[in-house]
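Data block below; observations after.
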Protein chains: 2
Amino acid sequence: MKILVALGGNAILQHRGTGTAEEQFSNIETTCNQLVHLLLLGHHIAITHGNGPQVGDILLKNELAKNTLPSMPLDVCGAESQGMIGYMMQQSLDNQLKSVGLNRKVVTLLTQTLVDAHDPAFKNPSKPIGPFYSAMEASKLRQERGWTIVNDSGRGYRRVVPSPNPTAIIESETIKSLYDAGVVVVASGGGGIPVIRPKGQKVIRGVEAVIDKDLAAALLASSLSTEVLLILTDVQKVAINFGKPNEMPLEKLTLADCEKYLSEGQFPSGSMGPKVEAARRFVQSGGDKSIITSLDHAIDALEGRNGTVITA
Amino acid sequence: MKILVALGGNAILQHRGTGTAEEQFSNIETTCNQLVHLLLLGHHIAITHGNGPQVGDILLKNELAKNTLPSMPLDVCGAESQGMIGYMMQQSLDNQLKSVGLNRKVVTLLTQTLVDAHDPAFKNPSKPIGPFYSAMEASKLRQERGWTIVNDSGRGYRRVVPSPNPTAIIESETIKSLYDAGVVVVASGGGGIPVIRPKGQKVIRGVEAVIDKDLAAALLASSLSTEVLLILTDVQKVAINFGKPNEMPLEKLTLADCEKYLSEGQFPSGSMGPKVEAARRFVQSGGDKSIITSLDHAIDALEGRNGTVITA
């Protein structure tokens, strides 16, 4: 089957350790091991991934160096993280493919994602990124850089940025041409580098925002005409009444189910919400099915033995 | 004509300013303006670029943050710089192409470059990278990280890394397929991420080294079968007896001339030497011609009115 695999950030960098390159490579190897199984089964995959922990580290390094070197804006940091993660992913996957004798090209294509310059998210920055600050630092940064900084659940102050809705993958045609030619493409890392097209102009430019990687994945899967959007996360199945006595894992969801549960607020906005919404959008726009499950259960889920399957 | 354009690092980041993202975008716009002229004239180009100043800044940010976050090795920093520069380049060039009504795709492909694990350069690290250190810091870093650190012309102590000879561009087939389909590809940034293939193994892994971007460009141009390798630098022409009363700019060089002057040590190893060597290798391996000139004179040089042209 033709599948877009969307990997969570923690498939790459579990912040249990210190986040060294060795640790990240090691986590990516585990992840790639599962991806190789998919390819060995004859599936054709494209890959997208989160970048939260990595771009967080890049932002923090910028902060710690700010008296010596200019800090890069969020779009440039996102581009750096695509380079970093894409490199580790393509090398690791290529090595494992060679080890099992599968002859497939693996490449990373730098990806920009278009958002609407008038997206309401720009008036309501909500996504926390980067390091924690003291109240005094927060106040200074608000003045100096015009950042929106909020008190993050009492853990300290943190910058929040807009998380606008992705509307197009700028490089989608090239990604599709490679994918259709049998290349395993890593693309749209971190949801893609967010860009806007100012009104009345043909040009695009980067913006300080982050794009939900699963919503971008839904767009990418549609433009690649894959049959499946496979969203890999921490849990085997989506559940309603999560964390309550009547918690219920779900095996199947229709579009109507998704809409109902989303409107009921069953899924937290920072985690399962956008995954279910991405799954819904992909099927809504013509995809066969979306699957939400954990990395370990990807193959079981594809064969109908696990995971939550979303169909029309 | 089919052309691989090799841009010097200072075509992107002239360290006259502070190196902000705005400055880098602005320099890249100037560079892309010339590249658009090449495309308007009907040439088909691929682009490679240096990354010295950018990877230097990334390394320094790692250093300044080292008590808080793990430093990334040089291969990962190189990957980050490819993401950063590729993003700015593809966005800027795409915008300018749209503004003049040229409908061409522009993408960046993350690139790894193979070097020989037994390259003599690994026993003789010679390329200075990253920040300057005091004698005491240098001594500490030698012990803690096993780095080779040398006194850099009395300006302080600096880490030196191997600069091995590039032997293959790992992603060359995919780059060629895109290039042949008419896509403007940005590839092999900073000479590519250096990787070795340990003896008897199929896999590759990154190494702490830097690759001369012009030598990598010669390889890439050969694998793309371009007619021209266009190396853009600070000067209009290559000169012998550079800086002496009998300094003589050269309009034409044959392979024999290149070998003669290189063996005489006419060109400094850190700057014009590898450019002339890259120009020589490309022609030696079957390319029509190499041209060395400045960004401003690229078109004049292609039309035979400026620059140094290297042919068989």
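The values are calculated or read from the model by the stated rules, or taken from the named source; none is laboratory data. Keep in mind that this is a model prediction, so the values were computed, not measured. Because the Cβ atoms are built from the backbone with ideal geometry, glycine has one as well, and the counts that use them run over all protein chains shown.
Taken over segment B:90-105, the criterion of being more than 7 Å from chain A (Cβ to nearest Cβ) and in contact with a strand residue (DSSP E or B) (Cβ under 8 Å, 6 or more places away or on another chain) is satisfied by B:L93, B:D94, B:L97, B:R104.
Have a look at A:N95, A:N103 and point out the one that is more than 19 Å from the chain's Cα centre (by Cα), among the polar types (S, T, N, Q), in a helix (DSSP H, G or I) and within 20 Å of A:H37 (Cα to Cα).
One residue alone meets the criteria, A:N95.
Which residue, of A:T108, A:T68, is assigned to a loop (DSSP other than H, G, I, E, B), at the interface with another protein chain (Cβ under 7 Å from one of its Cβ atoms), touching a helix residue (DSSP H, G or I) at 6+ places or on another chain (Cβ under 7 Å) and hydroxyl-bearing (S, T, Y)? After ruling out the rest, the residue left standing is A:T68.
Residue-by-condition table, conditions (1) over 28 Å from A:R145 (Cβ atoms); (2) buried (at least 20 other Cβ atoms within 10 Å of the Cβ):
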| residue | (1), (2) |
| --- | --- |
| A:I3 | yes, yes |
| A:E23 | yes, no |
| A:S26 | yes, no |
| A:I47 | yes, yes |
| A:A65 | no, no |
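Scanning for something more than 8 Å from chain B (Cβ to nearest Cβ), at pLDDT below 95 and out of contact with any Phe, Trp or Tyr (no Cβ under 6 Å at 6 or more places or on another chain), does segment A:77-89 turn up at least one residue? No; the residues of segment A:77-89 include none that is more than 8 Å from chain B (Cβ to nearest Cβ), at pLDDT below 95 and out of contact with any Phe, Trp or Tyr (no Cβ under 6 Å at 6 or more places or on another chain).
On the given criteria, is A:V210 of a type in the set (V, I, T), in a loop (DSSP other than H, G, I, E, B) and crowded, with 22+ Cβ neighbours inside 10 Å?
Working: of a type in the set (V, I, T): yes; in a loop (DSSP other than H, G, I, E, B): yes; crowded, with 22+ Cβ neighbours inside 10 Å: yes.
Judged against the criteria, A:V210 is a match.
Filter segment B:155-206 down to the residues that are buried (at least 24 other Cβ atoms within 10 Å of the Cβ) and charged (D, E, K, R), then identify the one that is farthest from the other protein chains (Cβ to nearest Cβ). Per the criteria, the residue is B:R159.
Within segment B:165-207, the set of residues being at pLDDT 95 or above, basic (K, R) and in a loop (DSSP other than H, G, I, E, B) comprises just one member, B:R197.
If I filter segment A:304-311 for residues that are surrounded by fewer than 14 Cβ atoms within 10 Å (Cβ to Cβ) and either of a type in the set (K, R) or touching a helix residue (DSSP H, G or I) at 6+ places or on another chain (Cβ under 9 Å) (or both), do I get at least one hit? Yes: segment A:304-311 contains one or more residues that are surrounded by fewer than 14 Cβ atoms within 10 Å (Cβ to Cβ) and either of a type in the set (K, R) or touching a helix residue (DSSP H, G or I) at 6+ places or on another chain (Cβ under 9 Å) (or both).
Please determine whether any residue of segment B:8-15 is surrounded by 18 or more Cβ atoms within 10 Å (Cβ to Cβ), in contact with an Asp or Glu (Cβ under 8 Å, 6 or more places away or on another chain) and under 21 Å from B:G146 (Cα atoms). No, segment B:8-15 has no match at all. Give the residue that is farthest from A:L114 (Cα to Cα), with candidates limited to residues of segment B:94-127 that are surrounded by fewer than 19 Cβ atoms within 10 Å (Cβ to Cβ) and hydroxyl-bearing (S, T, Y). Among residues in segment B:94-127 that are surrounded by fewer than 19 Cβ atoms within 10 Å (Cβ to Cβ) and hydroxyl-bearing (S, T, Y), the one farthest from A:L114 (Cα to Cα) is B:S126.
Is it the case, given these coordinates, that A:L114 is in contact (Cβ under 8 Å) with a residue 60 or more places away in the chain, facing chain B (nearest Cβ under 10 Å) and under 19 Å from the mean Cα position of the chain (by Cα)? No: the conditions fail for A:L114.
The set of residues in segment B:51-62 being crowded, with 19+ Cβ neighbours inside 10 Å, more than 8 Å from chain A (Cβ to nearest Cβ) and either not in a helix (DSSP H, G or I) or not hydrophobic (A, V, I, L, M, F, W, C) (or both) consists of B:N51, B:G52, B:Q54, B:G56.
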